[in-house]
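Student: Could you have a look at this structure, given as structure tokens, before my questions?
The numbers here are math on the coordinates, done by the rules we state, and not lab data. Keep in mind the model is a prediction, meaning the values are calculated, not measured. For neighbour counting, all protein chains shown are included, and Cβ atoms are generated from backbone atoms with ideal geometry for every residue, glycine included.
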Amino acid sequence: MGATLLLSALLSLSPAAAAALNFVLEPEGAPAWFDDATVLLAVRTAAKAWSPCGVAAQVMLTPSATAHAGAAGMVRVVWSEAGSAGNMGLANLSQKTLSLNPAMFALLRKVNPQHDARETLQMVVSHEMGHFFGVMAHSRRCVDVTSYYNDGKGQTCSIRGGGKLTPGVEYRSTLPTACDIARCKAANGTGERP
């Protein structure tokens, strides 16, 4: 990794949103094809996959967690088109919400009904959860769950061998890669810097 890229990667890290994270799933507003158990499994799987980072996390299901909104380390996982700002999902660290967009999942189902949307759900939850674990900047490696394909400024992520992205091919992992975990450890002081 070049010195400029390494410095940029280190500056984009910050400690997790809290010493211990508590993700609370509020299931209201989920698309009909995502039952509570399916979404809860995706959130639990992501939290477990991020655990090697060294930040404790637990997951629970509640019909309404607003009463606990001020609790340290609590992150509400909600279905909200507005909260996701037109994205599949969005981590809002100041509001302590991980918002999933039901309209975008409905669009995905309409455009590609053969696609298993649980895979996309897992990827989105894992990606947005990474921001709460302290991985603030997106990875430039397409394979990392914290990657982007296009940053909106003309830059694209890179694939192995320096090839070009193939339209319609999903490169991003559904769970954090070893690189994602290393960046998380660096952010939290629980491992060596990348």
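Student: Once you order the gyration tensor axes a ≥ b ≥ c over the Cα atoms, which shape class does the range 76-194 get: rounded for a/c under 1.5, otherwise prolate or oblate by comparing a/b with b/c? Numbers along the way, then the final one.
Tutor: Working: a/c = 1.89, a/b = 1.15, b/c = 1.65.
Taking the square roots of the gyration eigenvalues as a ≥ b ≥ c, the range 76-194 is oblate.
Student: Another question about this same structure. Once fully extended, how much extra length lies between Ala19 and Leu93, figured as 0.36 nm per residue of separation less the alpha-carbon to alpha-carbon distance? Show your work: numbers first, answer last.
Tutor: On the way: separation 74, 0.36 × 74 = 26.64 nm, distance 1.41 nm.
Once the chain is fully extended between Ala19 and Leu93, it gains 25.2 nm.
Student: Let me ask something else. Work out from phi, with θ = phi - 60° and the Karplus expression 6.51 cos²θ - 1.76 cosθ + 1.60, the ³J(HN,Hα) of each residue of the range 51-61, listed in order in whole Hz, and give x for Gly and Pro.
Tutor: These are the phi-based 3J(HN,Hα) values: 4, x, 5, x, 9, 5, 8, 9, 10, 9, 10 Hz.
Student: What FRET efficiency do you get for Glu28 and Arg160 if R0 is 30 Å and r is their Cβ-Cβ distance, rounded to the nearest 0.05?
Tutor: On the way: r = 41 Å, r/R0 = 1.36.
That gives a FRET efficiency of 0.15.
Student: Something else now. What are the residues whose amide H is under 5 Å from the amide H of Arg140, where those residues sit 5 or more places off or on another chain and H is modelled from the backbone?
Tutor: Close amide H contacts, sequence-distant or interchain: none at all.
Student: Follow-up question, since we're still on this one. Compute the distance in nm between two label points, each set 7 Å from the Cα along the Cα-to-Cβ direction, one at Asn112 and one at Ala72.
Tutor: Each label point is offset 7 Å from its Cα along the Cβ direction, giving 4.2 nm.
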